[in-house]
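No value in this document is a laboratory result; all are computed from the given coordinates. None of the values given here were measured: they were computed from a predicted structure. Cβ atoms come from the backbone with ideal geometry, glycine included; neighbour counts cover every protein chain shown.
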Amino acid sequence: MNIKAVIFDLDGVIVSTDECHYLAWKKIADEEGIYFDREINNRLRGVSRMESLEIVLERANKEYSQEEKLALAEQKNNCYREYIKSMTPDDILPGVMATLEKLKSSGIKIAIGSSSKNTPVILKQIGLENYFDAVSDGNNIKNSKPDPEVFVKAADMLGIAYNECMVVEDADAGIQAGKSGGMLTLAVNGANGGDLSLENLACGDLVEIIQA
Ligand code: B16
Ligand code: MG
């Protein structure tokens, strides 16, 4: 495999902010009297904030105006931002730093490809704001996953051909996005077929796998 860059999803791969997203959406749904559970939450992985809201509102028994939707999305984000305020480098998931360090020292570029507009805040909280070779996130894209835009932009920032990039994702939408961007994909932490985690993968070393 001729992989020159690995593009990591953020929520659910580098950190477990997916739980904070769940709690924030659950609070909004409860306040609105809308049924919401973890199964529905799984459909929000990798999906943009406004598209996530549309999924949450599928169970609502009234129509919401655009203005009301924007207000709900803002409320959700304020609540989410409260939850992530207490994040520290200790919240980086097991195996992540070892994997990133190994890739770096092997000369493989590393990037973030996240749908989240909160990416800069999260990276700062966990002390990785200046760590990656490129950061592509919800702030620089028009179309969120499963559209490949976020990963394509990350590859462009790195100046690496798409077929020389590997995407690491916890969401089916993200795996689809990587594939349609012409990249190799690795499903981890529960994405469809992704029974791996970077913790157990670090033992086998991502670097060895991609250089094989
Ligand atoms: P925000 P990822 C995604 O991040 C989350 O998985 C998804 O649940 C969330 O709705 C989306 O970011 C937008 O997040 O509201 O912070 O802009 O998995 O692509 O890193
Ligand atoms: Mg994710």
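Scanning segment 1-29 for residues that are of a type in the set (A, V, I, L, M), crowded, with 18+ Cβ neighbours inside 10 Å and out of contact with any Cys (no Cβ under 9 Å at 6 or more places or on another chain) yields a count of 5. Answer yes or no: is there a residue in segment 30-44 that is loosely packed, with under 13 Cβ neighbours inside 10 Å, in a helix (DSSP H, G or I) and within 16 Å of ligand 2 (Cβ to nearest atom). Yes, segment 30-44 has at least one match.
One residue stands out in segment 80-98 among those that are surrounded by fewer than 18 Cβ atoms within 10 Å (Cβ to Cβ) and assigned to a helix (DSSP H, G or I): the one that is nearest to ligand 1 (Cβ to nearest atom), namely R81. Residue count for segment 41-72 satisfying the condition of being over 21 Å from G174 (Cβ atoms) and either near ligand 1 (Cβ under 9 Å from one of its atoms) or of a type outside the set (D, E) (or both): 12.
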